[in-house]
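Chemist: Dumping the structure here so I can ask a few things about it.
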Amino acid sequence: MTGQVEGARVHTLPGRPGRVRYWLTAAFLWLTVRLYLRLRVEGTERLPDGPSMLCFNHQSWADPFVVVAALPGRPDIMFFGPKEADMRVGRKNRLIRWTQRDIPFRPDKRGLIDVARRVQAVFERGACLAIAPEGRIHAGERVVLPLDEGVAFFALRAGVPIVPIGITGVGWLRFGGTVRVRVGDPIPAAGRPTKATVTEMTEATHRAILELVADGRDREPPGRFGRWLTEAFQDWPEGSRPPIADGD
């Protein structure tokens, strides 16, 4: 395993997560999510056998954990982000870091070469990289905000497909509530990462995720515990839950 130096800090390229910790985490989330929610998963047969970029819509802090619970454990699934430069900040970040599944990046866009090497290392060892390309949480089951074009750039650069994933039912984490995870058809990485191909792949991914969440339904808030659990780790840019956004 190699490392790169950025100023006084050393960044190590990600290796394979420890097997015991990886499978314990997967088993714990598989059980916990299904004990609290009714998880319905569709389209896993569309997942490529090799590395890919998994792109899911983002309504809740729980989305990455739902993804782990819903999808097969092989290939390994790593997660890009979240926005903090230091993954030791915040309870959610510390948990993701403990699982050894994180590929952190700096929100100020510094260290992009280091990030590109980390992403490439994930794909080269046959793993998948999951990301919420909207870059922030939002309200609205049928809403998909504009996507960050960096996702398509990394996919084209590595020559791996983007797999769109639509998650509905997590707007409020209601006990026994139905959460659907739908896997769409992979979008192949065709061509070099030029501005035109990046834009085209980004738009195709956005359309695909929109189709996967088109039948989502916004529901009334649950009871006290469900409301607390939903908002416990939410990082609303507005400071609190906003009105449902217009995704059209």
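Chemist: Within segment 200-215, can you find the residues that are among the polar types (S, T, N, Q) and either assigned to a loop (DSSP other than H, G, I, E, B) or without any contact (Cβ under 8 Å) to a residue 24 or more places away in the chain (or both)?
Modeler: Correct list: empty.
Chemist: While we're looking at this one, here's another question. Out of (1) assigned to a strand (DSSP E or B); (2) crowded, with 22+ Cβ neighbours inside 10 Å, what's the single condition that is false for PHE154?
Modeler: (1)
Chemist: Tell me, please, whether a residue that is surrounded by fewer than 21 Cβ atoms within 10 Å (Cβ to Cβ) and either in contact with a helix residue (DSSP H, G or I) (Cβ under 6 Å, 6 or more places away or on another chain) or part of a strand (DSSP E or B) (or both) can be found in segment 232-247.
Modeler: Yes, there is a match, as at least one residue in segment 232-247 is surrounded by fewer than 21 Cβ atoms within 10 Å (Cβ to Cβ) and either in contact with a helix residue (DSSP H, G or I) (Cβ under 6 Å, 6 or more places away or on another chain) or part of a strand (DSSP E or B) (or both).
Chemist: Still on this structure: Scanning segment 176-199 for residues that are in a helix (DSSP H, G or I) and touching a residue at least 40 places away in the same chain (Cβ under 8 Å), which turns out farthest from GLY166 (Cα to Cα)? Explain how you work it out, then say what you get.
Modeler: Narrowing segment 176-199 to residues in a helix (DSSP H, G or I): 195-199.
Retained after the next criterion (residues that are touching a residue at least 40 places away in the same chain (Cβ under 8 Å)): 197-199.
Numbers: THR197: 23, VAL198: 21, THR199: 20 Å.
Among them, the one singled out is THR197.
Chemist: Listed residues ARG91, ARG74; which is surrounded by fewer than 17 Cβ atoms within 10 Å (Cβ to Cβ), modelled with pLDDT of 80 or more and within 25 Å of ALA27 (Cα to Cα)?
Modeler: Of the residues listed, the single one that is surrounded by fewer than 17 Cβ atoms within 10 Å (Cβ to Cβ), modelled with pLDDT of 80 or more and within 25 Å of ALA27 (Cα to Cα) is ARG74.
Chemist: When the residues of segment 114-151 are narrowed to those that are aliphatic (A, V, I, L, M) and free of Cβ contacts under 8 Å to residues at least 60 places away in the same chain, which ends up surrounded by the fewest Cβ atoms within 10 Å (Cβ to Cβ)?
Modeler: ALA116
Chemist: Then there's this: Suppose we keep only residues that are among the acidic types (Asp, Glu) and surrounded by 14 or more Cβ atoms within 10 Å (Cβ to Cβ) within segment 178-210. Which one would you say is farthest from ALA132 (Cα to Cα)?
Modeler: GLU200
Chemist: Taking VAL144 as meeting all but one of (1) closer than 20 Å to PHE65 by Cα; (2) in contact with a Lys or Arg (Cβ under 8 Å, 6 or more places away or on another chain); (3) in a loop (DSSP other than H, G, I, E, B), write down the number of the exception.
Modeler: The single condition VAL144 does not satisfy is (2).
Chemist: Tally the residues that are part of a loop (DSSP other than H, G, I, E, B) and free of Cβ contacts under 8 Å to residues at least 60 places away in the same chain, restricting the search to segment 157-173.
Modeler: Looking only at that region, the number is 2.
Chemist: Is it the case, given these coordinates, that THR12 is modelled with pLDDT under 95 and among the hydroxyl-bearing types (Ser, Thr, Tyr)?
Modeler: Judged against the criteria, THR12 is a match.
Chemist: Can you give me the number of residues within segment 27-43 that are outside any helix (DSSP H, G or I) and among the basic types (Lys, Arg)?
Modeler: 2
Chemist: Counting only residues that are in contact with an Asp or Glu (Cβ under 7 Å, 6 or more places away or on another chain) and more than 20 Å from THR44 (Cα to Cα), which one in segment 211-231 is surrounded by the fewest Cβ atoms within 10 Å (Cβ to Cβ)?
Modeler: Looking at the filtered set, the residue picked out is ARG217.
Chemist: I would also like to ask the following. Among what's in segment 157-177 and is of a type in the set (Gly, Ala, Ser) and in contact with a helix residue (DSSP H, G or I) (Cβ under 6 Å, 6 or more places away or on another chain), pick the residue that is surrounded by the fewest Cβ atoms within 10 Å (Cβ to Cβ).
Modeler: Start the filter on segment 157-177 by keeping residues that are of a type in the set (Gly, Ala, Ser), which leaves 158-159, 166, 169, 171, 176-177.
Narrowing the set further to residues that are in contact with a helix residue (DSSP H, G or I) (Cβ under 6 Å, 6 or more places away or on another chain) leaves 158, 166.
Working: ALA158: 20, GLY166: 26.
Ranking the qualifying residues of segment 157-177, first place goes to ALA158.
The values are calculated or read from the model by the stated rules, or taken from the named source; none is laboratory data. All values derive from a computational prediction rather than experimental measurement. Cβ atoms come from the backbone with ideal geometry, glycine included; neighbour counts cover every protein chain shown.
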